[in-house]
Amino acid sequence: MTAWYAGLLTISLIVFSASVYLGLEHFLDASLHQEMAEQTRVIGEKLVDEVTQRGEEYVVGETSELAPEINGRFIRITRHDGSVLYRSGQPKDGSFDSSRVPAATNRVTASDRREIVGDTELLIHRYPFTTKDGKKFLIEEGAPYQQIRSVLHGLLLILAFGTPLIVACAVGGGYWVMQRALEPVNYIAAHAERVSSRNLSERLPSVNSGDEIERLSNSLNHMIGRLDDSFQHISRFSADVSHELRTPLTIIRGELEALAANGVTTEQMEVIGSVLEESDRLSKIVDQLLAISRLDAGEESAGRARVDLGAVALSTADQLRLLADEKSIVLHFQADTGVVVEADEIRLRQVIANLLDNAIKYTSDSGWVKLSVKNDRENAILEIEDNGVGIANESLPHIFERFYRADKARSRLSGGSGLGLSIVKAICTAHGAIVKVFSTEGKGSIFRVEWPAATSSAPSSAVPEHVAHV
Ligand SMILES: Nc1ncnc2c1ncn2[C@@H]1O[C@H](COP(=O)(O)OP(=O)(O)O)[C@@H](O)[C@H]1O
Ligand SMILES: [Mg+2]
(Lines give C-alpha, C1' and ligand atoms only; values in the text may rest on other atoms or scores of the structure.)
(Ligands and ions follow the chains in the order given, each with its own letter.)
Protein backbone atom coordinates (compact mmCIF):
# COMPACT_ATOMS: atom_id res chain seq x y z
CA MET A 1 0.00 0.00 0.00
CA THR A 2 2.72 2.43 1.03
CA ALA A 3 4.81 1.32 -1.97
CA TRP A 4 1.87 1.96 -4.31
CA TYR A 5 1.32 5.35 -2.79
CA ALA A 6 5.03 6.26 -3.06
CA GLY A 7 5.16 5.00 -6.65
CA LEU A 8 2.10 6.97 -7.74
CA LEU A 9 3.33 10.09 -6.00
CA THR A 10 6.78 9.79 -7.61
CA ILE A 11 5.30 9.34 -11.08
CA SER A 12 2.96 12.32 -10.62
CA LEU A 13 5.80 14.48 -9.35
CA ILE A 14 8.06 13.49 -12.25
CA VAL A 15 5.32 14.32 -14.77
CA PHE A 16 4.67 17.59 -12.98
CA SER A 17 8.39 18.48 -12.85
CA ALA A 18 8.88 17.67 -16.52
CA SER A 19 5.98 19.90 -17.52
CA VAL A 20 7.21 22.73 -15.31
CA TYR A 21 10.70 22.41 -16.81
CA LEU A 22 9.55 22.30 -20.43
CA GLY A 23 6.98 25.04 -19.82
CA LEU A 24 9.54 27.34 -18.26
CA GLU A 25 12.08 26.63 -21.00
CA HIS A 26 9.51 27.52 -23.62
CA PHE A 27 8.44 30.63 -21.75
CA LEU A 28 11.98 31.96 -21.18
CA ASP A 29 12.91 31.26 -24.80
CA ALA A 30 9.81 33.00 -26.13
CA SER A 31 10.17 36.03 -23.89
CA LEU A 32 13.84 36.48 -24.83
CA HIS A 33 12.91 36.34 -28.49
CA GLN A 34 10.11 38.77 -27.99
CA GLU A 35 12.24 41.17 -26.00
CA MET A 36 14.96 41.20 -28.68
CA ALA A 37 12.47 41.59 -31.50
CA GLU A 38 10.97 44.53 -29.66
CA GLN A 39 14.31 46.17 -28.99
CA THR A 40 15.60 45.81 -32.57
CA ARG A 41 12.35 47.34 -33.83
CA VAL A 42 12.76 50.28 -31.43
CA ILE A 43 16.40 50.77 -32.48
CA GLY A 44 15.26 50.80 -36.08
CA GLU A 45 12.29 53.12 -35.76
CA LYS A 46 13.65 55.53 -33.14
CA LEU A 47 17.38 55.69 -33.95
CA VAL A 48 18.35 54.31 -37.35
CA ASP A 49 15.45 56.16 -39.01
CA GLU A 50 17.15 59.43 -37.97
CA VAL A 51 20.37 58.58 -39.85
CA THR A 52 19.74 60.96 -42.73
CA GLN A 53 18.73 63.92 -40.57
CA ARG A 54 21.16 63.58 -37.67
CA GLY A 55 24.03 61.57 -39.12
CA GLU A 56 25.53 58.21 -38.33
CA GLU A 57 27.35 59.47 -35.21
CA TYR A 58 24.01 60.18 -33.62
CA VAL A 59 22.86 56.60 -34.25
CA VAL A 60 26.11 55.16 -32.90
CA GLY A 61 26.01 57.44 -29.84
CA GLU A 62 22.40 56.75 -29.01
CA THR A 63 22.74 53.00 -29.47
CA SER A 64 25.73 52.79 -27.18
CA GLU A 65 23.63 54.62 -24.59
CA LEU A 66 21.67 51.39 -24.37
CA ALA A 67 24.81 49.92 -22.73
CA PRO A 68 24.60 46.47 -24.22
CA GLU A 69 28.03 45.61 -22.74
CA ILE A 70 26.68 46.00 -19.23
CA ASN A 71 23.57 43.97 -19.97
CA GLY A 72 25.62 41.21 -21.57
CA ARG A 73 23.95 41.85 -24.92
CA PHE A 74 25.27 42.05 -28.43
CA ILE A 75 24.07 44.77 -30.84
CA ARG A 76 25.24 45.26 -34.42
CA ILE A 77 23.95 47.59 -37.13
CA THR A 78 25.17 46.78 -40.60
CA ARG A 79 24.82 48.96 -43.72
CA HIS A 80 23.39 47.59 -46.93
CA ASP A 81 26.87 47.06 -48.37
CA GLY A 82 27.85 44.83 -45.44
CA SER A 83 30.03 47.37 -43.64
CA VAL A 84 29.38 47.69 -39.93
CA LEU A 85 27.90 50.96 -38.66
CA TYR A 86 27.88 50.00 -35.01
CA ARG A 87 28.92 46.96 -33.02
CA SER A 88 28.71 46.68 -29.24
CA GLY A 89 31.95 46.11 -27.33
CA GLN A 90 32.96 43.13 -25.25
CA PRO A 91 30.32 42.31 -22.63
CA LYS A 92 31.35 43.10 -19.08
CA ASP A 93 30.81 39.51 -17.94
CA GLY A 94 33.09 38.30 -20.76
CA SER A 95 30.64 35.68 -21.77
CA PHE A 96 31.36 36.00 -25.48
CA ASP A 97 33.59 37.80 -27.92
CA SER A 98 31.48 40.37 -29.78
CA SER A 99 34.02 40.74 -32.60
CA ARG A 100 33.68 37.06 -33.51
CA VAL A 101 29.96 36.98 -34.14
CA PRO A 102 29.70 35.83 -37.79
CA ALA A 103 28.10 38.14 -40.33
CA ALA A 104 24.55 37.44 -41.31
CA THR A 105 23.83 35.55 -44.50
CA ASN A 106 20.14 36.30 -44.68
CA ARG A 107 19.51 40.04 -44.68
CA VAL A 108 16.07 40.18 -46.17
CA THR A 109 13.69 38.72 -43.60
CA ALA A 110 13.52 38.96 -39.83
CA SER A 111 14.92 35.79 -38.33
CA ASP A 112 16.18 34.12 -35.17
CA ARG A 113 19.35 32.09 -35.13
CA ARG A 114 21.51 30.36 -32.67
CA GLU A 115 25.20 31.02 -33.23
CA ILE A 116 28.10 29.44 -31.44
CA VAL A 117 30.64 32.11 -30.60
CA GLY A 118 33.73 30.65 -28.95
CA ASP A 119 32.11 28.31 -26.44
CA THR A 120 29.01 30.39 -25.91
CA GLU A 121 25.73 29.88 -27.62
CA LEU A 122 24.20 33.20 -28.67
CA LEU A 123 20.57 33.66 -29.53
CA ILE A 124 20.50 36.32 -32.29
CA HIS A 125 17.55 38.19 -33.68
CA ARG A 126 18.00 39.81 -37.07
CA TYR A 127 15.82 42.66 -38.19
CA PRO A 128 16.19 44.20 -41.67
CA PHE A 129 15.16 47.84 -41.53
CA THR A 130 14.58 50.34 -44.30
CA THR A 131 14.48 54.06 -43.42
CA LYS A 132 11.76 56.35 -44.77
CA ASP A 133 14.12 57.54 -47.46
CA GLY A 134 14.98 54.00 -48.57
CA LYS A 135 18.34 53.25 -46.87
CA LYS A 136 18.62 49.61 -45.85
CA PHE A 137 20.18 48.40 -42.60
CA LEU A 138 20.34 45.11 -40.73
CA ILE A 139 19.90 45.43 -36.99
CA GLU A 140 21.02 42.45 -34.90
CA GLU A 141 20.68 41.83 -31.24
CA GLY A 142 22.02 38.80 -29.42
CA ALA A 143 21.95 37.38 -25.90
CA PRO A 144 23.84 34.42 -24.52
CA TYR A 145 21.55 31.43 -24.22
CA GLN A 146 23.57 30.62 -21.12
CA GLN A 147 21.30 32.84 -19.01
CA ILE A 148 18.26 30.75 -19.74
CA ARG A 149 20.26 27.60 -19.35
CA SER A 150 21.48 28.50 -15.88
CA VAL A 151 17.92 29.29 -14.74
CA LEU A 152 16.77 25.92 -16.10
CA HIS A 153 19.74 24.22 -14.54
CA GLY A 154 18.82 25.70 -11.15
CA LEU A 155 15.25 24.55 -11.57
CA LEU A 156 16.41 21.08 -12.53
CA LEU A 157 18.52 20.90 -9.38
CA ILE A 158 15.58 21.98 -7.21
CA LEU A 159 13.30 19.41 -8.83
CA ALA A 160 15.88 16.62 -8.66
CA PHE A 161 16.48 17.11 -4.96
CA GLY A 162 12.96 18.24 -4.13
CA THR A 163 11.11 15.29 -5.65
CA PRO A 164 12.67 12.55 -3.48
CA LEU A 165 12.42 14.86 -0.47
CA ILE A 166 8.70 15.47 -1.07
CA VAL A 167 8.09 11.76 -1.68
CA ALA A 168 9.96 10.85 1.52
CA CYS A 169 8.06 13.46 3.55
CA ALA A 170 4.72 12.47 2.05
CA VAL A 171 5.30 8.75 2.60
CA GLY A 172 6.65 9.27 6.12
CA GLY A 173 3.92 11.73 7.00
CA GLY A 174 1.23 9.60 5.39
CA TYR A 175 2.43 6.54 7.27
CA TRP A 176 2.40 8.44 10.53
CA VAL A 177 -1.08 9.82 9.92
CA MET A 178 -2.33 6.34 8.91
CA GLN A 179 -0.82 4.78 12.01
CA ARG A 180 -2.44 7.38 14.20
CA ALA A 181 -5.76 6.89 12.46
CA LEU A 182 -5.52 3.10 12.78
CA GLU A 183 -4.36 3.11 16.40
CA PRO A 184 -7.89 2.88 17.81
CA VAL A 185 -8.65 0.09 15.32
CA ASN A 186 -5.69 -1.93 16.59
CA TYR A 187 -6.78 -1.21 20.12
CA ILE A 188 -10.30 -2.44 19.43
CA ALA A 189 -8.99 -5.49 17.55
CA ALA A 190 -6.75 -6.46 20.47
CA HIS A 191 -9.69 -6.27 22.86
CA ALA A 192 -12.05 -8.04 20.47
CA GLU A 193 -9.61 -10.94 20.22
CA ARG A 194 -9.83 -11.49 23.96
CA VAL A 195 -13.61 -11.77 23.88
CA SER A 196 -14.81 -15.35 24.27
CA SER A 197 -17.98 -17.06 25.45
CA ARG A 198 -16.70 -16.71 29.02
CA ASN A 199 -16.36 -12.95 29.11
CA LEU A 200 -19.21 -11.85 26.89
CA SER A 201 -20.43 -9.55 29.62
CA GLU A 202 -17.37 -7.39 29.04
CA ARG A 203 -17.46 -4.69 26.39
CA LEU A 204 -14.87 -3.18 24.10
CA PRO A 205 -13.46 0.12 25.32
CA SER A 206 -15.46 3.02 23.94
CA VAL A 207 -13.70 5.20 21.42
CA ASN A 208 -15.03 8.74 21.35
CA SER A 209 -13.49 9.78 18.08
CA GLY A 210 -16.82 10.79 16.57
CA ASP A 211 -16.04 9.01 13.30
CA GLU A 212 -16.44 5.62 11.65
CA ILE A 213 -14.21 4.03 14.25
CA GLU A 214 -16.54 5.06 17.04
CA ARG A 215 -19.42 3.60 15.02
CA LEU A 216 -17.47 0.40 14.47
CA SER A 217 -16.74 -0.03 18.17
CA ASN A 218 -20.36 0.68 19.05
CA SER A 219 -21.65 -1.84 16.51
CA LEU A 220 -19.19 -4.44 17.78
CA ASN A 221 -20.39 -3.82 21.32
CA HIS A 222 -24.01 -4.18 20.26
CA MET A 223 -23.11 -7.43 18.52
CA ILE A 224 -21.35 -8.74 21.62
CA GLY A 225 -24.40 -7.74 23.63
CA ARG A 226 -26.68 -9.77 21.38
CA LEU A 227 -24.28 -12.73 21.52
CA ASP A 228 -24.21 -12.43 25.29
CA ASP A 229 -28.00 -12.56 25.43
CA SER A 230 -28.25 -15.65 23.26
CA PHE A 231 -25.43 -17.42 25.09
CA GLN A 232 -27.08 -16.76 28.40
CA HIS A 233 -30.35 -17.95 26.99
CA ILE A 234 -28.82 -21.21 25.76
CA SER A 235 -26.94 -21.99 28.95
CA ARG A 236 -29.97 -21.10 31.09
CA PHE A 237 -32.06 -23.34 28.91
CA SER A 238 -29.82 -26.42 29.24
CA ALA A 239 -29.36 -25.81 32.96
CA ASP A 240 -33.16 -25.54 33.36
CA VAL A 241 -33.79 -28.67 31.30
CA SER A 242 -31.28 -30.72 33.28
CA HIS A 243 -32.66 -29.42 36.53
CA GLU A 244 -36.25 -30.14 35.59
CA LEU A 245 -35.39 -33.69 34.51
CA ARG A 246 -33.83 -34.60 37.83
CA THR A 247 -37.01 -34.71 39.87
CA PRO A 248 -39.03 -37.02 37.62
CA LEU A 249 -35.98 -39.29 37.35
CA THR A 250 -35.71 -39.52 41.12
CA ILE A 251 -39.43 -40.30 41.33
CA ILE A 252 -39.17 -43.03 38.67
CA ARG A 253 -36.32 -44.57 40.59
CA GLY A 254 -38.22 -44.49 43.87
CA GLU A 255 -41.34 -45.99 42.35
CA LEU A 256 -39.35 -48.80 40.69
CA GLU A 257 -37.60 -49.63 43.93
CA ALA A 258 -40.93 -49.67 45.75
CA LEU A 259 -42.32 -51.95 43.08
CA ALA A 260 -39.38 -54.33 43.42
CA ALA A 261 -39.82 -54.44 47.18
CA ASN A 262 -43.45 -55.53 46.81
CA GLY A 263 -42.64 -59.07 45.69
CA VAL A 264 -42.44 -59.55 41.95
CA THR A 265 -41.63 -62.51 39.74
CA THR A 266 -38.05 -63.09 38.63
CA GLU A 267 -38.84 -61.93 35.08
CA GLN A 268 -40.45 -58.74 36.34
CA MET A 269 -37.46 -58.21 38.61
CA GLU A 270 -35.17 -58.48 35.61
CA VAL A 271 -37.17 -55.88 33.70
CA ILE A 272 -37.21 -53.56 36.70
CA GLY A 273 -33.46 -54.02 37.08
CA SER A 274 -32.81 -53.06 33.49
CA VAL A 275 -35.16 -50.02 33.68
CA LEU A 276 -33.38 -48.95 36.86
CA GLU A 277 -30.07 -49.25 35.07
CA GLU A 278 -31.28 -47.07 32.21
CA SER A 279 -32.72 -44.48 34.56
CA ASP A 280 -29.40 -44.42 36.41
CA ARG A 281 -27.68 -43.79 33.17
CA LEU A 282 -30.12 -41.00 32.33
CA SER A 283 -29.61 -39.42 35.76
CA LYS A 284 -25.88 -39.47 35.23
CA ILE A 285 -26.18 -37.74 31.85
CA VAL A 286 -28.53 -35.13 33.32
CA ASP A 287 -26.15 -34.49 36.21
CA GLN A 288 -23.21 -34.14 33.85
CA LEU A 289 -25.11 -31.74 31.59
CA LEU A 290 -26.09 -29.65 34.57
CA ALA A 291 -22.48 -29.60 35.74
CA ILE A 292 -21.25 -28.48 32.32
CA SER A 293 -23.89 -25.73 32.13
CA ARG A 294 -22.93 -24.44 35.55
CA LEU A 295 -19.23 -24.53 34.76
CA ASP A 296 -19.83 -22.73 31.46
CA ALA A 297 -21.87 -20.10 33.23
CA GLY A 298 -18.96 -19.59 35.63
CA GLU A 299 -21.05 -20.52 38.64
CA GLU A 300 -18.55 -22.97 40.07
CA SER A 301 -15.65 -20.81 41.09
CA ALA A 302 -16.28 -21.28 44.83
CA GLY A 303 -14.41 -23.88 46.85
CA ARG A 304 -10.98 -23.26 45.42
CA ALA A 305 -7.91 -23.99 47.49
CA ARG A 306 -4.24 -24.78 47.11
CA VAL A 307 -4.02 -28.41 46.17
CA ASP A 308 -1.03 -30.70 45.78
CA LEU A 309 -1.58 -32.03 42.29
CA GLY A 310 0.72 -35.07 42.79
CA ALA A 311 -1.14 -36.21 45.91
CA VAL A 312 -4.57 -35.76 44.34
CA ALA A 313 -3.49 -37.60 41.19
CA LEU A 314 -2.10 -40.49 43.23
CA SER A 315 -5.24 -40.98 45.29
CA THR A 316 -7.47 -40.68 42.21
CA ALA A 317 -5.35 -43.26 40.41
CA ASP A 318 -5.73 -45.53 43.44
CA GLN A 319 -9.48 -45.37 43.10
CA LEU A 320 -9.30 -46.46 39.48
CA ARG A 321 -6.79 -49.23 40.12
CA LEU A 322 -9.52 -51.89 40.07
CA LEU A 323 -10.60 -50.91 36.56
CA ALA A 324 -7.04 -51.24 35.31
CA ASP A 325 -6.51 -54.51 37.12
CA GLU A 326 -9.62 -55.98 35.50
CA LYS A 327 -7.97 -55.50 32.11
CA SER A 328 -4.45 -56.33 33.35
CA ILE A 329 -3.38 -52.83 32.41
CA VAL A 330 -0.24 -51.58 34.17
CA LEU A 331 -0.65 -48.13 35.67
CA HIS A 332 2.64 -46.22 35.95
CA PHE A 333 2.72 -43.20 38.16
CA GLN A 334 5.36 -40.50 38.33
CA ALA A 335 5.02 -37.16 40.12
CA ASP A 336 7.40 -34.36 41.05
CA THR A 337 7.12 -32.96 44.54
CA GLY A 338 5.58 -29.60 45.30
CA VAL A 339 3.43 -29.22 42.21
CA VAL A 340 0.76 -27.04 43.71
CA VAL A 341 -2.30 -25.67 41.94
CA GLU A 342 -5.25 -23.56 42.89
CA ALA A 343 -8.36 -25.66 42.29
CA ASP A 344 -11.66 -27.00 43.42
CA GLU A 345 -10.37 -30.40 44.53
CA ILE A 346 -13.52 -32.34 43.66
CA ARG A 347 -13.45 -30.94 40.14
CA LEU A 348 -9.74 -31.59 39.79
CA ARG A 349 -10.32 -35.23 40.80
CA GLN A 350 -13.05 -35.41 38.17
CA VAL A 351 -10.63 -34.27 35.46
CA ILE A 352 -8.05 -36.89 36.43
CA ALA A 353 -10.66 -39.63 36.85
CA ASN A 354 -12.31 -38.94 33.47
CA LEU A 355 -8.99 -38.92 31.63
CA LEU A 356 -7.76 -42.06 33.41
CA ASP A 357 -11.08 -43.76 32.83
CA ASN A 358 -10.81 -43.05 29.10
CA ALA A 359 -7.20 -44.20 28.97
CA ILE A 360 -8.10 -47.52 30.61
CA LYS A 361 -11.30 -47.86 28.59
CA TYR A 362 -9.64 -47.26 25.22
CA THR A 363 -6.59 -49.43 25.87
CA SER A 364 -6.73 -53.13 25.16
CA ASP A 365 -5.96 -55.80 27.77
CA SER A 366 -2.37 -55.96 29.00
CA GLY A 367 -1.57 -52.47 27.81
CA TRP A 368 -0.17 -49.66 29.93
CA VAL A 369 -1.22 -46.23 31.10
CA LYS A 370 1.22 -43.62 32.43
CA LEU A 371 0.23 -40.74 34.65
CA SER A 372 2.76 -38.01 35.32
CA VAL A 373 2.75 -34.73 37.20
CA LYS A 374 5.46 -32.10 36.82
CA ASN A 375 6.16 -28.40 36.94
CA ASP A 376 6.90 -26.47 33.76
CA ARG A 377 7.67 -22.81 34.36
CA GLU A 378 4.28 -21.15 35.11
CA ASN A 379 2.26 -24.32 34.65
CA ALA A 380 1.66 -27.56 36.43
CA ILE A 381 1.52 -30.34 33.88
CA LEU A 382 -0.61 -33.43 34.23
CA GLU A 383 -0.10 -35.99 31.52
CA ILE A 384 -1.97 -39.20 30.92
CA GLU A 385 -0.56 -41.43 28.23
CA ASP A 386 -1.78 -44.80 27.00
CA ASN A 387 -0.86 -47.30 24.32
CA GLY A 388 -4.48 -47.89 23.38
CA VAL A 389 -6.54 -47.57 20.23
CA GLY A 390 -5.70 -43.91 19.66
CA ILE A 391 -7.92 -41.37 17.96
CA ALA A 392 -8.31 -40.86 14.21
CA ASN A 393 -7.19 -37.47 12.90
CA GLU A 394 -10.70 -36.60 11.71
CA SER A 395 -12.10 -37.25 15.20
CA LEU A 396 -9.49 -35.27 17.11
CA PRO A 397 -11.08 -31.83 16.71
CA HIS A 398 -14.42 -33.16 18.00
CA ILE A 399 -13.64 -35.29 21.04
CA PHE A 400 -14.29 -32.43 23.47
CA GLU A 401 -17.75 -31.78 22.03
CA ARG A 402 -20.77 -32.86 24.02
CA PHE A 403 -22.00 -36.39 23.20
CA TYR A 404 -19.21 -36.95 20.68
CA ARG A 405 -17.86 -40.50 20.61
CA ALA A 406 -15.43 -41.65 17.98
CA ASP A 407 -16.62 -45.26 18.13
CA LYS A 408 -20.25 -45.08 19.21
CA ALA A 409 -20.89 -48.82 19.58
CA ARG A 410 -17.85 -49.53 21.73
CA SER A 411 -18.23 -46.41 23.83
CA ARG A 412 -21.85 -47.07 24.63
CA LEU A 413 -21.10 -50.68 25.59
CA SER A 414 -18.54 -49.41 28.06
CA GLY A 415 -21.09 -47.06 29.55
CA GLY A 416 -19.77 -43.82 28.06
CA SER A 417 -22.14 -41.08 26.99
CA GLY A 418 -19.61 -38.82 25.31
CA LEU A 419 -19.76 -36.18 28.03
CA GLY A 420 -16.58 -37.07 29.94
CA LEU A 421 -14.20 -34.89 27.94
CA SER A 422 -16.74 -32.05 27.74
CA ILE A 423 -16.69 -31.96 31.52
CA VAL A 424 -12.89 -32.11 31.57
CA LYS A 425 -12.76 -29.17 29.19
CA ALA A 426 -15.40 -27.18 31.08
CA ILE A 427 -13.57 -27.67 34.39
CA CYS A 428 -10.21 -26.76 32.86
CA THR A 429 -11.59 -23.65 31.20
CA ALA A 430 -13.25 -22.57 34.44
CA HIS A 431 -9.85 -22.86 36.16
CA GLY A 432 -7.90 -21.15 33.38
CA ALA A 433 -6.25 -24.44 32.44
CA ILE A 434 -5.75 -25.86 28.97
CA VAL A 435 -6.21 -29.44 27.91
CA LYS A 436 -4.42 -30.74 24.82
CA VAL A 437 -4.49 -34.06 23.07
CA PHE A 438 -1.89 -35.82 20.94
CA SER A 439 -2.86 -39.13 19.43
CA THR A 440 -1.93 -41.61 16.73
CA GLU A 441 -4.57 -44.09 15.69
CA GLY A 442 -3.56 -47.61 16.70
CA LYS A 443 -0.61 -46.42 18.81
CA GLY A 444 -2.08 -44.52 21.73
CA SER A 445 -2.91 -41.06 23.05
CA ILE A 446 -1.54 -38.41 25.34
CA PHE A 447 -3.85 -36.02 27.17
CA ARG A 448 -1.96 -33.09 28.62
CA VAL A 449 -3.45 -30.64 31.08
CA GLU A 450 -1.62 -27.35 31.64
CA TRP A 451 -2.86 -25.95 34.91
CA PRO A 452 -1.63 -22.53 36.05
CA ALA A 453 0.62 -23.11 39.06
CA ALA A 454 -0.51 -21.58 42.35
CA THR A 455 1.05 -18.18 42.93
CA SER A 456 3.18 -18.54 46.09
CA SER A 457 5.57 -21.44 45.72
CA ALA A 458 6.04 -23.61 48.85
CA PRO A 459 3.24 -26.10 49.60
CA SER A 460 1.97 -26.23 53.19
CA SER A 461 3.39 -29.66 53.88
CA ALA A 462 6.28 -31.43 52.22
CA VAL A 463 5.01 -34.22 50.03
CA PRO A 464 7.30 -37.13 49.21
CA GLU A 465 8.02 -37.99 45.62
CA HIS A 466 5.57 -40.55 44.37
CA VAL A 467 6.96 -43.23 42.13
CA ALA A 468 4.68 -46.17 42.28
CA HIS A 469 2.91 -48.90 40.46
CA VAL A 470 -0.67 -48.80 41.54
N1 LIG B 1 -7.50 -42.27 25.77
C2 LIG B 1 -8.26 -42.35 24.69
N3 LIG B 1 -7.93 -43.20 23.69
C4 LIG B 1 -8.70 -43.27 22.58
N5 LIG B 1 -9.83 -42.56 22.37
C6 LIG B 1 -10.22 -41.73 23.34
C7 LIG B 1 -9.46 -41.57 24.53
N8 LIG B 1 -10.08 -40.64 25.29
C9 LIG B 1 -11.18 -40.27 24.61
N10 LIG B 1 -11.27 -40.90 23.44
C11 LIG B 1 -12.29 -40.71 22.40
O12 LIG B 1 -13.00 -39.53 22.70
C13 LIG B 1 -14.40 -39.76 22.81
C14 LIG B 1 -15.01 -38.84 23.84
O15 LIG B 1 -14.55 -39.16 25.12
P16 LIG B 1 -15.51 -38.91 26.34
O17 LIG B 1 -16.02 -37.53 26.24
O18 LIG B 1 -14.81 -39.28 27.61
O19 LIG B 1 -16.71 -39.87 26.07
P20 LIG B 1 -16.92 -41.38 26.46
O21 LIG B 1 -15.74 -41.84 27.24
O22 LIG B 1 -18.14 -41.32 27.28
O23 LIG B 1 -17.10 -42.08 25.18
C24 LIG B 1 -14.49 -41.22 23.15
O25 LIG B 1 -15.69 -41.76 22.73
C26 LIG B 1 -13.31 -41.83 22.42
O27 LIG B 1 -13.67 -42.10 21.10
MG1 LIG C 1 -15.09 -40.94 29.01
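Of all residues in region 89-123, which are touching a helix residue (DSSP H, G or I) at 6+ places or on another chain (Cβ under 7 Å) and among the basic types (Lys, Arg)? LYS92, the sole residue that qualifies.
Does region 357-377 contain any residue that is within 39 Å of the chain's Cα centre (by Cα), exposed (fewer than 15 other Cβ atoms within 10 Å of the Cβ), under 16 Å from LYS436 (Cα atoms) and more than 9 Å from ligand 1 (Cβ to nearest atom)?
Looking only at region 357-377, we keep the residues that are within 39 Å of the chain's Cα centre (by Cα), and these are 374-377.
Of the ones still in play, those that are also exposed (fewer than 15 other Cβ atoms within 10 Å of the Cβ) are 376-377.
The next check asks that each one be under 16 Å from LYS436 (Cα atoms); those that pass are 376.
The next check asks that each one be more than 9 Å from ligand 1 (Cβ to nearest atom); those that pass are 376.
Taking every residue of region 357-377 in turn, at least one turns out to be within 39 Å of the chain's Cα centre (by Cα), exposed (fewer than 15 other Cβ atoms within 10 Å of the Cβ), under 16 Å from LYS436 (Cα atoms) and more than 9 Å from ligand 1 (Cβ to nearest atom).
When restricted to residues that are surrounded by fewer than 13 Cβ atoms within 10 Å (Cβ to Cβ), among the polar types (S, T, N, Q) and over 21 Å from SER83 (Cα atoms), region 30-67 contains 2.
Checking the conditions here, which among VAL449, VAL437, VAL389 is assigned to a strand (DSSP E or B), among the β-branched types (Val, Ile, Thr) and over 24 Å from ASP287 (Cβ atoms)? Can you show your working first?
Details: VAL449 fails: over 24 Å from ASP287 (Cβ atoms); VAL389 fails: assigned to a strand (DSSP E or B).
The unique qualifying residue is VAL437.
If you take just the helices (runs of 4 or more DSSP H) that sit entirely in region 1-104, which of them hold at least 3 residues that are among the hydroxyl-bearing types (Ser, Thr, Tyr), assigned by TED's automatic domain parsing to the domain that holds GLY118 and within 29 Å of LYS135 (Cβ to Cβ)?
56-65
Do we have any residue at all in region 334-352 that's surrounded by fewer than 23 Cβ atoms within 10 Å (Cβ to Cβ), within 16 Å of ligand 2 (Cβ to nearest atom) and more than 17 Å from LEU309 (Cβ to Cβ)? Scanning region 334-352, I find no residue that is surrounded by fewer than 23 Cβ atoms within 10 Å (Cβ to Cβ), within 16 Å of ligand 2 (Cβ to nearest atom) and more than 17 Å from LEU309 (Cβ to Cβ), so the answer is no. Taking residues in region 415-444 that are more than 17 Å from ALA359 (Cβ to Cβ), and partners anywhere that are assigned to a loop (DSSP other than H, G, I, E, B) and more than 11 Å from ligand 1 (Cβ to nearest atom), the pairs with Cβ atoms closer than 7 Å and at least 6 places apart or on different chains are ALA430/GLY298; ALA430/GLU300; ALA430/SER301.
Among LEU396, LEU419, which is the only one that is surrounded by fewer than 17 Cβ atoms within 10 Å (Cβ to Cβ) and at pLDDT 90 or above? Let's see the steps before the verdict.
On the way: LEU419 fails: surrounded by fewer than 17 Cβ atoms within 10 Å (Cβ to Cβ).
Exactly one residue qualifies, and that residue is LEU396.
Among the residues of region 290-329, those identified as hydrophobic (A, V, I, L, M, F, W, C), farther than 28 Å from VAL369 by Cα and buried (at least 16 other Cβ atoms within 10 Å of the Cβ) are LEU290, LEU295, ALA297.
If you go through region 124-140 and keep only what is assigned to a loop (DSSP other than H, G, I, E, B), touching a helix residue (DSSP H, G or I) at 6+ places or on another chain (Cβ under 6 Å) and either surrounded by 13 or more Cβ atoms within 10 Å (Cβ to Cβ) or not assigned by TED's automatic domain parsing to the domain that holds THR40 (or both), you end up with just THR131. When region 173-217 is filtered for residues that are among the β-branched types (Val, Ile, Thr) and part of a helix (DSSP H, G or I), the ones remaining, listed by number, are VAL177, VAL185, ILE188, ILE213. At pLDDT 90 or above, out of contact with any Gly (no Cβ under 9 Å at 6 or more places or on another chain) and not in a helix (DSSP H, G or I), is that true of GLU121? Spelling it out, it is not the case that GLU121 is at pLDDT 90 or above, out of contact with any Gly (no Cβ under 9 Å at 6 or more places or on another chain) and not in a helix (DSSP H, G or I). The C-beta contact set for region 114-137 (first residue closer than 30 Å to GLN53 by Cα, second residue small (Gly, Ala, Ser) and modelled with pLDDT of 85 or more, distance under 6 angstrom, 6+ apart or interchain) comprises ILE124/GLY142; HIS125/ALA37; PHE129/GLY44.
Evaluate region 317-326: report whether one residue or more is over 21 Å from HIS431 (Cα atoms) and touching a His at 6+ places or on another chain (Cβ under 8 Å).
Let us first name the residues in region 317-326 that are over 21 Å from HIS431 (Cα atoms), namely 317-326.
Among the residues that remain, those that are also touching a His at 6+ places or on another chain (Cβ under 8 Å) are: none.
No; the residues of region 317-326 include none that is over 21 Å from HIS431 (Cα atoms) and touching a His at 6+ places or on another chain (Cβ under 8 Å).
Return a yes/no flag: does region 189-197 have any residue that is in contact with a Ser or Thr (Cβ under 7 Å, 6 or more places away or on another chain) and either surrounded by 14 or more Cβ atoms within 10 Å (Cβ to Cβ) or not assigned by TED's automatic domain parsing to the domain that holds LEU32 (or both). No; the residues of region 189-197 include none that is in contact with a Ser or Thr (Cβ under 7 Å, 6 or more places away or on another chain) and either surrounded by 14 or more Cβ atoms within 10 Å (Cβ to Cβ) or not assigned by TED's automatic domain parsing to the domain that holds LEU32 (or both).
The values are calculated or read from the model by the stated rules, or taken from the named source; none is laboratory data. Keep in mind it's a predicted model, so treat the numbers as computed, not measured. Ideal geometry is used to build each Cβ from the backbone, glycine not excepted, and the neighbour counts take in all protein chains shown.
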